[in-house]
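Since every read-out is calculated from the coordinates, none of them should be taken as a lab result. Predicted model, so just to flag it, every value in this text is computed and none were measured.
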Amino acid sequence: ALVGELSLRDKQFAQWWGEHQVAARTIGTKTLDHPVVGELVLDWDTLTANTDPDQHLTVWTAPPGSPTHDRLRILASWAANHHVPASQNLA
């Protein structure tokens, strides 16, 4: 209902909505609760390919020296010691 109302009141909005050029979040922060290392607070940034706007790459980071950075290092060590394939780490 809201999209319909905005489309009627604002021709530019109707055009953007029709072309799917509405504002999308491209950066943010996500908190995850990992069963081995606990809370991970990760910043994310989504990059869009200029040649194909349907292609996106999301990069997750943690500032060096932050508790999350330290926990990610512990998690990498834990995974190496438990011989966990990388694909299972992403699941």
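Would you indicate which of [x] 38, 28, 18; [y] 36, 32, 24; [z] 59, 27, 24 is the value of Cα extents along the principal axes in Å derived from the coordinates of this structure?
Only one listed value fits the structure, namely [z].
Quick check on the chain: helices-only [θ] at 222 nm, where DSSP H runs of length 4 and up contribute -39,500 (n - 2.57) each and the sum goes over total residues. Nearest 500, please. List each step's numbers first, then the result.
Details: 4 runs with 36 residues, N = 91.
Theoretical 222 nm ellipticity from helices: -11000 deg cm²/dmol.
From the phi angles alone, apply the Karplus equation (6.51, -1.76, 1.60; θ = phi - 60°) to the range 50-66 and give each ³J(HN,Hα) in whole Hz, x where the residue is Gly or Pro.
Coupling constants for the range 50-66: 5, 7, 8, x, 7, 9, 10, 10, 9, 10, 9, 9, 9, x, x, x, 6 Hz.
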